[in-house]
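Novice: What follows is a single structure, and I will ask about it in a moment.
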Amino acid sequence: MGSLQTPAASGLSAAIEGQGSSGERTPTPAGLLERREAQDEAVRQKIRALGDEVGGLDSDEEEEALVQAQIEAEEEEAAREQERSRRRRDEAQGEVNERTSLLGGRKLASTNSFADLQVVGAAKKRFGGWVDKARTKAKGVSVTREDLIDGGKVAVQSIPAVVLGVLMNILDGVSYGMIMFPTNLPVFADFGGIGVSMFFASCVVSQLVYSGGGSIFSGGNGSMMIEVVPFFHVIVGIITSSISDDKSVVATTMVAFALSSILTGLAFGLLGWLKLGSLSEFFPRHILVGCIGGVGAFLFVTGLQVSARLEEEAGFSMDLVKHYFDWSVLPLWTVPLILAVVLRLITARFHHPLIFPGYFLAIPLVFYGIAFAAGFNIEQLREGGWVFEVNGVDSEWYEYWTLFDFKKTDYSALLETIPTQLALVFFGLLHVPINVPALGISVGEDNVNTDRELIAHGISNIAAGLLGTVPNYLCYVNSVLFYKVGGTTRISGFLLAAASFGILVAGPGIISLLPVCIVGALIFILAIDLIKEAIWDTYGRVARFEYVTIWAIVIVMTGWDFVAGIGVGIILACVSFVVSSSQRRAIRSILTGAVARSTVRRHPKQSAFLKEVGRQTRVIKLQGFLFFGTISACETTIRKILEAASWSKNPIRFLVLDFSMASGVDFSAAEAFVRIQRLLEDKGVVLVLCGCPANSNVGIALRSVDLWADGAEAKVEVFENLNDALEHCENAFLRSLYSKDYQPPRLLGPAAPAISSQIGKLPLLASVAEAPEAPAFKTNFQQPLPLLMQSFKPFAPDLNEDYCFRLVPYFKRVHIERGTTLWKDGDETDSFYLIESGMLRATYVFTDRAHSIVESMVAGTVAGEMSFLSRSKRNATVVAERDSVLWKMSIESHEELGKREGWSFARKFEQCLLSIAIEEQDGELSPDRFSL
């Protein structure tokens, strides 16, 4: 679309080019307009001829053809007009250069003109594309009389929701705007009305952003982020402790509040732009709950101070308690507290959305009715602390803008507030990922995008900061109430923004007539709700340590500082994580070599021997991240295995540590493995590691402490996986079986391959090459008779040489070179094999599993017997791992065997094969082999 342009854009570009040349006037595009009208009429006639004047199935395509024809005509005319303009500029420039030779030659002027023409042409095409796209979209949008009527109906239907939203904003603004600044300080004593104005300004900005399409929630309500009020008080405390001049204090405070909005907006926007909205989900929930409880405690104390009209004391004291319970002060704070409790009792039973605003609308009527009936006037009520003073609420709505004075701002004091600002931002970031999904569930919105909402929050907060007001967010409670009363459209959102702006412009002067008990009750209600959410609702629902952490955060925030409370919560969360992680078992399971076997298919005598000596191999499977909190249990378990009592009964020769389920090892755990290796070395036990490639986190950590080295300095054996490690141990035991004076070495000799060279390839090639063959059947007969006796006799003791001799003619000797594929998974079965020498490797791939099983078949074993007996397709891929000599019986030979020797003879042979297949199948499908 970048190459498209409109007539207006073409004419504008031509006019600019003409003014930039010799000053001649560019001809108007009248001919271009006439040509376009003629083309439009031609297309319309074509449409009428096709009988589709009103529009039908092809009307959209023909409309696009019309637009394309117009664009092509415009491009042709624009190109011709550009060429004419270039010629005129060249001629004019040549005349000028002849009179002023110092300005350059004609060639240079022509080159520059052509470059300018390219730039202007590119800009014209880009602008034309934008305009054409907007024009195409606008063609599909038409506002009819019915649309206006429907919009009016929606606006009328939204009036109850707008009234409720305005009332909620008024109540929130009166309560939280009044305490935005610490009015107990003399410099901010009259800032209650200014705080209310800033509250409504932030509400209007956020409402416009959310209703304007920033949020997916059409009826979402924007409000000041009231939970940041405690941080504002901390910021003011930092500023007042560094500055003595009142004007400088006010100017710096205003800049600090606006800066908090900008920083919050940047954090929101950056998270949304980078699509990192899910990061906040990793923050411990109980710390946020503790912070909420701390805010609730702060609001409760603030409610006492606002209601009792008392200045903040240096700290808690018995004198302060006595002052609160003075008969002249006691009613001032107990009345709003009772009002808050009564409202919560009512709303616990009745849930109508109008109860809350109606309750507070009734309070002034009842209050003034009782007061006037008792003979009190307004001035007497103000003197008694029942009604707000006029001086604090008679400001204009725009007055807070006049307080910004960048010359009076103390930037060193502003820098001191940065840690608190960052804590404020951090706390504010936690609300959106919680409020937004909860609101989506409450209003039935399934297309919630947290990143989009974060960007909307970023825009609204940056805009609020640039307008000098405070942070804002999408208010969950107000939004739910707004939806319930019918505020489900963006029209209702805009109407709420307009009504809130009207309240802002009207000014906070009406506050001077409000009873203090209304503001106090509102503050107490929120305080009670937050404390209940943090302390009461979590009791018995969270872990004991987490509940203690919540209490600790609330106490530190109330008694010391909000930033310190968050810090304490983070520290306790780290401690909780370490403690809970330490309780996780680092050892997944402990097995012996008699249970955990490699997938090598061996002769029954070898299998029986390995089962007998398998107890001398101990396998420990590790899991999770191994660190200082979990490695101690692992080290203790290994020490128990090596204790004298256990060692005398169950000595071990190999300890295999499987790291395949371990995600990492820290330095403390790696050092512990070094201690374990020294302990094993003293006992003559070989430490075997597996499941830890050299470039993995575990491998790097173990190599960093020199546990894992290369060459002759190797202290441990390292293999790719547990199967290879077990195969290494089994081969060592088998070598000792066939060599009377042979003892399994504690380590491979210096000539052995380097440890690092073993990673990434199977150790089987080196180890099995030295492994003994299956026990040969002592006989003078030639193969395959000895092989038949060796393979079948353990499974059918009644088989004799005569029976096996009758089987010999039906086997054919086959020589298979290394790397040859005998069959693939899914191939049709044609035979089975007896292995005389060499080795085959079968790979089983399971469709419902993410890994495969590799089985080695050595001399003296059988391959392919199961699919041979069942006449089914192959279930594995078999490859010759070494040059092998096999004896093959084909299906045709098997059929011939039954016909010549009799099927009773063949059935006995088949039963023997079936016994072999069952034993091998049970071994292949055992849980221990799957866990390898």
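The values are calculated or read from the model by the stated rules, or taken from the named source; none is laboratory data. None of the values given here were measured: they were computed from a predicted structure. Cβ sites come from the backbone with ideal geometry, for glycine too, and all protein chains shown count toward neighbours. Quick note on the areas: whole protein, heavy atoms, side chains included, nothing else; ligands and nucleic acids left out. Shrake-Rupley method; radii C 1.70, N 1.55, O 1.52, S 1.80 Å.
Novice: Please identify the GluC sites (Glu not before Pro) of segment 784-885 that satisfy two criteria: DSSP loop assignment and at most 11 other Cβ atoms within 10 Å. Which are they?
Specialist: Sites meeting the loop and neighbour criteria: Glu817, Glu828.
Novice: Taking H as built 1.01 Å from N, whose amide H comes closer than 5 Å to the amide H of Val656, not counting residues under 5 places away?
Specialist: Result for Val656 returns Arg618, Val619, Ile620, Val688.
Novice: So, one more: With the Cα gyration tensor of segment 150-574 giving a ≥ b ≥ c as the square roots of its eigenvalues, does the rule (a/c under 1.5 for rounded; else a/b larger than b/c for prolate; else oblate) give rounded, prolate or oblate? Could the numbers behind the result be given before it?
Specialist: Details: a/c = 1.24, a/b = 1.09, b/c = 1.14.
Judged from the Cα gyration tensor, segment 150-574 comes out rounded (a/c under 1.5).
Novice: So, one more: Ignoring ligands and nucleic acids, what accessible area does Asp827 show with a 1.4 Å probe (Å², nearest 10)?
Specialist: Accessible surface of Asp827 is approximately 60 Å².
Novice: OK, next. Could you sort Glu720, Glu379 by their accessible area in this structure, using a 1.4 Å probe and putting the largest first?
Specialist: Working: Glu720 80, Glu379 110 Å².
Sorted descending by solvent-accessible area, the residues read Glu379, Glu720.
Novice: Further question on the same structure: Would you count, across segment 150-574, every pair of lysines whose alpha carbons are under 28 angstrom apart, provided the pair is eight or more residues apart or spans two chains?
Specialist: Working: Lys153/Lys484; Lys247/Lys407; Lys247/Lys408; Lys322/Lys532; Lys484/Lys532.
Counting lysine pairs in segment 150-574 gives 5.
Novice: At 1.4 Å probe size, put Lys824, Lys275, Lys621, Lys683 in order of accessible surface, largest to smallest.
Specialist: Details: Lys824 120, Lys275 145, Lys621 20, Lys683 80 Å².
So, going from the largest accessible area down, we get Lys275, Lys824, Lys683, Lys621.
Novice: Could I ask something else about it? Taking all protein chains in place and a 1.4 Å probe, what share, in percent, of the accessible surface of segment 172-281 do carbon and sulfur account for? Could you put the intermediate results ahead of the total?
Specialist: Working: 1920 of 3050 Å².
Carbon with sulfur: 63 percent of the solvent-accessible area.
Novice: Quick check: with the 1.4 Å probe, what order do Leu266, Leu522 take by accessible area, largest first?
Specialist: Numbers: Leu266 95, Leu522 5 Å².
Ranked list, largest accessible area first: Leu266, Leu522.
Novice: Here's something else I'd like to know. Hey, can you find the accessible area per residue of segment 330-370 for me, probe 1.4 Å, expressed in square angstrom?
Specialist: Working: 2330 Å² over 41 residues.
Result: 57 Å² of accessible area for each residue.
Novice: Over the alpha carbons of segment 448-501, what is the largest minus smallest coordinate on each principal axis, giving the biggest first in Å?
Specialist: Sorted largest first, the three principal extents are 32, 29, 18 Å.
Novice: With all protein chains present, how much of the accessible area of segment 415-557 (probe radius 1.4 Å) comes from carbon and sulfur, to the nearest whole percent?
Specialist: Numbers: 4040 of 5870 Å².
Of the solvent-accessible surface of segment 415-557, carbon and sulfur hold 69 percent.
Novice: So how exposed is Phe372, as accessible area in Å² (1.4 Å probe, rounded to 10)?
Specialist: Result for Phe372: roughly 120 Å² accessible.
Novice: Further, regarding this structure: Which GluC sites (Glu not before Pro) in segment 607-675 pass both tests, a DSSP loop state and at most 16 other beta-carbon atoms within 10 Å?
Specialist: Working: sites: Glu612, Glu635, Glu643, Glu671; in loops: Glu643.
When the GluC sites (Glu not before Pro) of segment 607-675 are filtered for loop state and at most 16 Cβ neighbours within 10 Å, Glu643 remain.
Novice: Sticking with this one: Looking only at segment 584-737, where both bridge partners belong to it, what percent of the DSSP beta bridges are antiparallel (to the nearest 5)? Mind showing how you got there, number by number?
Specialist: Details: 5 of 22 bridges.
Looking only at bridges with both residues in segment 584-737, the antiparallel portion is about 25 percent.
Novice: Now, a different point. Expressed as a fraction of 2.2 N^0.38 Å, the rule-of-thumb size for a compact globular protein of N residues, what is the C-alpha radius of gyration of segment 584-737?
Specialist: Working it through for segment 584-737, the quotient is 1.01.
Novice: Sequence-distant or interchain residues sharing an amide H contact under 5 Å with Phe719, placed H: which?
Specialist: Counting only residues 5 or more places away or on other chains, the set is Leu689, Cys690, Gly691.
Novice: Once amide H atoms are built 1.01 Å from N in the peptide plane, which residues 5 or more positions from Ser589, or in another chain, come under 5 Å H to H?
Specialist: When sequence neighbours closer than 5 places are left aside, the close amide H contacts are Lys621.
Novice: Could you give each residue of segment 337-351 its phi-based ³J(HN,Hα) in whole Hz, using Karplus coefficients 6.51, -1.76, 1.60 with θ = phi - 60°, and x for Gly or Pro?
Specialist: 5, 5, 4, 5, 5, 4, 4, 5, 5, 5, 5, 5, 9, 10, 10
Novice: Which trypsin sites (Lys or Arg not before Pro) does segment 523-571 hold that lie in a coil by DSSP with at most 12 other beta carbons within 10 Å? Numbers along the way, then the final one.
Specialist: Details: sites: Lys532, Arg541, Arg544; in loops: Arg541.
For trypsin sites (Lys or Arg not before Pro) across segment 523-571 that sit outside H, G, I, E and B with at most 12 neighbouring Cβ atoms in 10 Å, the list reads Arg541.
Novice: Just need the Rg to Rh number for segment 784-925, please, alpha carbons only, Kirkwood Rh.
Specialist: Working: Rg = 14.8 Å, Rh = 15.5 Å.
In segment 784-925, Rg relative to Rh is 0.96.
Novice: Follow-up question, since we're still on this one. Given Lys683/Lys715; Lys793/Lys888; Lys793/Lys873; Lys873/Lys899; Lys812/Lys899, which pairs have Cα atoms separated by over 21 Å? Walk me through the intermediate numbers first.
Specialist: On the way: Lys683/Lys715 14 Å; Lys793/Lys888 18 Å; Lys793/Lys873 28 Å; Lys873/Lys899 24 Å; Lys812/Lys899 18 Å.
Flagged as over cut-off: Lys793/Lys873; Lys873/Lys899.
Novice: Same structure again: Compute the Cα gyration tensor for segment 315-377, then decide on rounded, prolate or oblate, letting a ≥ b ≥ c be the square roots of its eigenvalues: rounded whenever a/c is under 1.5, prolate when a/b is larger than b/c in the other cases, and oblate in all that remain.
Specialist: On the way: a/c = 3.73, a/b = 1.38, b/c = 2.70.
Verdict is oblate for segment 315-377.
Novice: Also: Which value, in Å² rounded to 10, gives the accessible area of Leu337 with a 1.4 Å probe and all protein chains present?
Specialist: Surface accessible to solvent at Leu337 totals approximately 40 Å².
Novice: So for segment 784-925, averaging the separation of alpha carbon pairs under 8 Å that are six or more residues apart and normalising by length, what relative contact order in percent results? It would help to have the intermediate numbers written out before the result.
Specialist: Details: 245 pairs, mean separation 44.7, N = 142.
Reported as a whole number, the value is 32 percent.
Novice: Counting only other residues whose beta carbon sits under 13 Å from that of Leu299, what net charge do I get with K and R as +1, D and E as -1?
Specialist: Working: positive: Lys532; negative: Asp172, Glu227, Asp529, Glu533.
My count for the surroundings of Leu299 gives -3.
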